[in-house]
């Protein structure tokens with residue numbers, strides 16, 4: 001292990017609040033001015049709310065300084081913020097696959113899909129869902145995109161066949177393919 005890895009500390013910051021310009025700038029400025037690096041992040045608007053989750057790295061004292069300034073920044077920006085210390089995810093032999101599902105919008109689709117992969121002991125790394133009106137008919141449609149992590153010894157053809165049967169039973173249009 002090199003000394004750079006030993007000195008790195010990691011913090012996950014999750015914030016949500018009413019959407020307005022400048023939130024990303026202020027959070028990024030706080031990280032930068034406290035000598036922390038944003039190494040992974042997701043940001044989105046849900047309804048009228050802005051949500052961000054980010055993982056930052058830095059020396060222990062830089063992380064501590066950032067932790068101290070975040071409550072004031074959160075109050076100023078009217079954000080609800082949670083912070084948690086973490087570590088880098090351990091590398092293990094795994095394959096990443098993309099799963100895309102489109103269907104008529106019905107309650108419970110996310111649960112059914114999550115339950116399917118959980119029963120297979122497959123980890124969901126990322127998940128995004130949304131709804132939209134179908135062209136011409138205006139029917140409410142559901143869209144799901146996710147990334148799953150498969151053990152290197154997973155028999156892909158069997159998984160694909162099983163998942164497609166599962167989707168056919170629920171009238172879901174789906175694709176499962178290697179992540180590009």
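The values are calculated or read from the model by the stated rules, or taken from the named source; none is laboratory data. Since the structure is predicted, the reported quantities are computational estimates derived from the model, not experimental observations. Here the Cβ positions follow ideal geometry from the backbone for every residue, glycine too, while neighbour counts run over all protein chains shown.
What the table below lists for this structure:
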| item | result |
| --- | --- |
| Answer from 91, 68, 106, 100 - the residue that is in a loop (DSSP other than H, G, I, E, B) and either at pLDDT 95 or above or surrounded by 11 or more Cβ atoms within 10 Å (Cβ to Cβ) (or both) | 106 |
| Residue in segment 34-53 that is farther than 26 Å from residue 131 by Cβ and exposed (fewer than 12 other Cβ atoms within 10 Å of the Cβ) present | no |
| Whichever residue in segment 127-151 is within 30 Å of residue 90 (Cβ to Cβ) and in contact (Cβ under 8 Å) with a residue 24 or more places away in the chain and, among such residues, is surrounded by the most Cβ atoms within 10 Å (Cβ to Cβ) | 148 |
| Every residue from segment 71-85 that is loosely packed, with under 11 Cβ neighbours inside 10 Å and more than 22 Å from the chain's Cα centre (by Cα) | 72, 75, 76, 78 |
| Pairs, first more than 20 Å from residue 127 (Cα to Cα) in segment 39-62, second modelled with pLDDT under 95, C-beta under 8 Å, six or more apart | 57/8; 58/8; 59/7; 59/8; 60/7 |
| Checking residue 102 against (1) outside the structural domain of residue 168 (by TED's automatic domain parsing); (2) in contact (Cβ under 8 Å) with a residue 40 or more places away in the chain, the condition it does not meet | (1) |
| Any hit, segment 113-120, residues being within 29 Å of residue 57 (Cα to Cα) and either exposed (fewer than 14 other Cβ atoms within 10 Å of the Cβ) or in contact with a helix residue (DSSP H, G or I) (Cβ under 8 Å, 6 or more places away or on another chain) (or both) | no |
